[in-house]
Each structure stands twice: as C-alpha cells, then as structure tokens.
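Just below is one structure, and these are the notes that go with it.
The values are calculated or read from the model by the stated rules, or taken from the named source; none is laboratory data. Nothing here was measured: the structure is a model prediction, and the numbers come from that model. Here Cβ is always computed from backbone atoms with ideal geometry, including for glycine, and neighbour counts include all displayed protein chains.
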Amino acid sequence: MRHAAGWIAAFMIGVTSVAVAQPMPQSMPSGADPATGARPGNEIGTGASQPFSNSSSNIGPQDTKSTIAPNLPSPNIGEGASPRRYLEAARTALLVGRTGEAQQALEMAETRALDRSVPLFQTGVPSKSPLVGEIQQALDALGRGDRAGAVRIVEAAIPHAE
C-alpha cells in the first residue's frame, strides 16, 4: 500500500510540474482580428496574406532578410499540376525576371516530386529522388541570385519530371 501511495504521489508531482511548465498563450499582435487572430492585411482562407513580394527570398541565409517569408505569386497553371508543369512555369518566370513566381513554382514542383509511398515508420527518411535534388539546386542558385544558373538546372530537370 505504501508503495502504491509513493507512485501516486510521484505521478501527481509529475502532472503538476507539466501543468506548470505549459507556456502561457501569447498576446495577439497589434491590430489582429480578435475573432480569428489574423494580422492586419491577412484574410484567412484567401491566400492573400501579408507581406507580399514578387521577388524570391528566404531561400537560404544569403537572401533571408526577415523571419517572415513573404507570400509569393503562384504560377497560373492550376493547383493539381505535375512537377513538369511547375518546372516549365519556373523556367518561364526565371526567363522574364519574375523570381518570386519562379521560387513558388519550384517549391510547388518539389512538393509534387515528394509525393511518394514510403514504408510504415519511415516517413522521416529523406527522398533520394534525383529530381528533388535538382529542384533544390535550382532553388539554391536562385537564392544566390544566379538566375541563369537556375534556368540551366531547371532545363536539365524538366526531362526527369513526369
């Protein structure tokens, strides 16, 4: 009986310490909508959040100017497009200097390329897809400001995309 009482006491102390360690909710940002918590300029569900930018950024340390990545324009090809279509859109955007749209298209191509089946309990294993590696190289080049290099990498990746 004493043994059980000791376990119960230890359990209660553990529960109490966990409850005390819970972080207090942060206050809402200035001007936030009290009903939704959305910051000014952000309408939930519209995809039109602030800050907005037409230029690529926050790809790597060399081009990160803010802890908040801007909302980038999406390529006009539809949500369910294949990695190949997103890569083609990225190439077009890069060629005409729309780096924000190119970044968004590359990130969407990478997401589509990462769609795969994996064995149970191995979801944390990184993809070894060459296409994913090429897309990451293109993003890295874009992050360094090397548009021409990004175009070359995207053009080499397009034949590997489905």
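Odds and ends about this structure:
- Residue in segment 119-156 that is farthest from A102 (Cα to Cα), counting only those that are under 21 Å from the mean Cα position of the chain (by Cα), assigned to a helix (DSSP H, G or I) and of a type in the set (G, A, S): G133
- Within segment 68-113, the set of residues being hydroxyl-bearing (S, T, Y), more than 20 Å from R147 (Cβ to Cβ) and not in a helix (DSSP H, G or I) comprises S82 only.
- Pair list, Cβ < 9 Å and 6+ apart or interchain, from segment 138-162 residues that are modelled with pLDDT of 95 or more to residues that are of a type in the set (S, T, Y) and surrounded by fewer than 17 Cβ atoms within 10 Å (Cβ to Cβ): none
- Of all the listed residues (L131, L120), the sole one being of a type in the set (A, V, I, L, M, F, W, C), modelled with pLDDT of 85 or more and within 30 Å of E155 (Cα to Cα) is L131.
- Some residue of segment 94-102 being at pLDDT below 95, among the charged types (D, E, K, R) and touching a Leu at 6+ places or on another chain (Cβ under 9 Å): yes
- If the condition is being surrounded by fewer than 18 Cβ atoms within 10 Å (Cβ to Cβ) and either more than 17 Å from I158 (Cα to Cα) or within 17 Å of the chain's Cα centre (by Cα) (or both), then segment 82-102 contributes V96, G97.
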